[in-house]
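Following: one structure in structure tokens, then a few remarks.
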Amino acid sequence: MATRSLLIVAAIAAPALGAPARAPRAAAPAAAPAATAPKPVTRTELLATIKARFGEMDTNHDGVLDSAEVAAAQQKEIAQATAAEQQRAAAEFAALDTNHDGQLSKAEFMGAIPAVKANQTPQQIVGAFDGNKDGKISLEEYEARPLASFNRADTNHDGTLSPQELEAARSGGQR
């Protein structure tokens, strides 16, 4: 039973199954890298990873992990994660420091803010709302979509969206 618990600890601590917890980062000026799809893992591969990780942690090779071995493995992973975070932060800083003086000016920092652009042209917006296709949006056309959404969400048709109706509309994808 104790060995099984230790294997579970080794599996949880395995770097292949997740990195050590880190404090949440403040909003970063640089874009985050795209996430890659997880690869399938067989039971055999998982067990091999667990056994290898256990072997790395069992530094005295006695077949069990004591708290000192777990602490040492934990410190090693924390040091690796810290080094990776520092390397990432240094790369982000270097990308922002356009004049390479080792300092960020307000202009350099503000230069990292991505441009805000419209999703649609004005013609596309008019076309989406213009029910009678006269090239203009009347008040009735402008109100039609939001009122239709309101009416769908107002399930008891009392003219008021209760907190329950709002939550149901949100969870049901209504707008």
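General observations
- Residue match in region 50-63 (condition: part of a helix (DSSP H, G or I), under 30 Å from Glu167 (Cα atoms) and among the basic types (Lys, Arg)): no
- A search for C-beta distances below 7 Å between a residue of region 134-158 that is in a helix (DSSP H, G or I) and any residue that is among the acidic types (Asp, Glu), counting only pairs 6+ apart in sequence or on different chains, returns Glu141/Asp130; Ala153/Glu165.
- Of the residues making up region 77-120, just one is surrounded by 14 or more Cβ atoms within 10 Å (Cβ to Cβ), among the small types (Gly, Ala, Ser) and either touching a Phe, Trp or Tyr at 6+ places or on another chain (Cβ under 9 Å) or more than 30 Å from Met57 (Cβ to Cβ) (or both), namely Ala112.
- Within region 53-79, the set of residues being in contact (Cβ under 8 Å) with a residue 40 or more places away in the chain and not small (Gly, Ala, Ser) comprises Arg53, Phe54, Met57, Val64, Leu65, Val70, Gln74, Glu77, Ile78.
- Flag for Leu65 being touching a Leu at 6+ places or on another chain (Cβ under 6 Å) and either under 30 Å from Ala90 (Cα atoms) or modelled with pLDDT of 50 or more (or both): yes
The values are calculated or read from the model by the stated rules, or taken from the named source; none is laboratory data. For clarity, every value in this text was computed on a predicted model and none was experimentally measured. Virtual Cβ from ideal backbone geometry, glycine too; neighbours counted across all protein chains shown.
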